């Protein structure tokens with residue numbers, strides 16, 4: 001499996017733009033590119049998927065063990081010409097002081113060569129000691145190339161190249177200049193999503209053309225091909241035991257935070273996912289269950305509120321006993337109202353609370369919880385790992401809610417609990433990942449099946 005990892009010295013170095021451009025440029029050359037993203041991220045994988053034309057998969061030390069993400073890489077990259085992993089934050093950054101959850105650890109475990117993207121703004125000769133330090137810090141990490149990013153012009157580029165060549169043995173495989181055409185808008189949760197980007201295909205083509213012309217793609221592919229073989233982990237497909245089951249899933253500008261392999265798990269188990277648009281569809285499709293993931297419902301709340309027919313249909317379905325699961329933005333949509341920037345709009349009214357957007361994050365980072373005896377899918381004794389990133393909080397909660405999760409780490413809904421249970425719905429701020437330790441898709445479909453029977 002030819003492969004490389006795009007990393008940086010620190011966050012906001014332009015990794016996602018460079019990675020999107022590389023995926024698009026290589027794809028335009030006829031290469032089949034399989035992208036991966038380290039960490040619990042939703043937005044960056046959307047851009048990588050749009051550029052490569054293939055789903056992008058997340059690799060996360062918090063929810064997966066090494067054997068699990070190696071198996072994921074082998075299975076999803078099978079048949080691709082090259083695999084690209086985009087790091088999160090800096091090469092050596094992570095929660096663990098010893099770096100066991102860092103991008104460097106991932107590169108070392110998977111024996112993947114690293115291409116370091118350096119934000120060169122305000123930098124010349126100083127790039128040399130930075131690269132020398134990064135090389136010396138961990139001898140097990142193969143820093144195989146560097147891409148100079150945000151270069152000020154030919155003179156600036158010449159000074160940078162001279163310093164790198166004089167003091168290190170790392171090849172400069174590209175230099176990308178400052179260019180407003182490479183900008184992707186940002187907001188409170190990070191980059192804007194592809195679904196919100198006007199003329200998306202043209203934007204990706206533009207980024208791909210600029211990055212592709214600025215990077216030696218042939219040298220990049222040579223570096224990727226130099227990656228040593230990794231043991232191929234055979235994957236056993238599950239039995240499609242839920243044939244005929246139909247699950248509605250919200251897919252639109254408001255709701256798009258889904259892990260590709262989580263959605264694939266639904267279909268592997270035999271369930272059919274039926275997408276609906278929460279702003280334009282007047283009713284749910286004929287289904288056995290409902291899944292509403294996270295996203296940016298606050299930016300679409302006027303359109304969501306205006307679709308009174310669908311809101312009433314969802315309320316009627318859940319109060320009638322339809323099994324449902326909602327994460328973060330989905331929870332906000334199911335509340336009585338959504339309030340942001342002085343505006344309030346009615347929502348579905350299933351959860352008796354108001355979702356209020358704040359100026360600062362109310363929950364951000366890794367979460368750990370145990371499922372309570374009130375969890376409709378069943379109690380668990382072992383802690384479950386997840387993550388959260390929300391600027392919203394719940395206010396005006398009616399009666400003391402029934403909670404599905406007791407938190408040992410994280411903010412959740414009230415700092416101690418998450419996952420409000422009402423009827424056959426579980427709705428909380430935690431984002432789950434379907435893994436061997438947390439097969440939430442299997443548990444949810446098992447619950448749906450029990451109600452269907």
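Here are the numbers for this structure:
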item: Hey, residue 332 in contact with a helix residue (DSSP H, G or I) (Cβ under 6 Å, 6 or more places away or on another chain), farther than 30 Å from residue 69 by Cα, in the same structural domain as residue 438 (by TED's automatic domain parsing) and surrounded by 24 or more Cβ atoms within 10 Å (Cβ to Cβ) or not; result: yes
item: Condition check for residue 397: in the same structural domain as residue 270 (by TED's automatic domain parsing) and more than 30 Å from residue 269 (Cα to Cα); result: yes
item: Listing of helices (runs of 4 or more DSSP H) fully contained in the range 39-157 that carry 3 or more residues being modelled with pLDDT of 95 or more, surrounded by fewer than 18 Cβ atoms within 10 Å (Cβ to Cβ) and more than 22 Å from the chain's Cα centre (by Cα); result: 127-137
item: Test: residue 263 is within 30 Å of residue 75 (Cβ to Cβ), part of a strand (DSSP E or B) and modelled with pLDDT of 95 or more; result: no
item: Some residue of the range 383-406 being assigned to a loop (DSSP other than H, G, I, E, B) and in contact with a helix residue (DSSP H, G or I) (Cβ under 9 Å, 6 or more places away or on another chain); result: yes
item: Matching residues in the range 55-72 - criterion: being more than 16 Å from residue 262 (Cβ to Cβ) and touching a helix residue (DSSP H, G or I) at 6+ places or on another chain (Cβ under 7 Å); result: 66, 70
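The values are calculated or read from the model by the stated rules, or taken from the named source; none is laboratory data. Only a predicted model underlies this, so the values are computations on that prediction, with no experimental measurement involved. We place every Cβ from the backbone using ideal geometry, glycine too, and count neighbours over all the protein chains shown.
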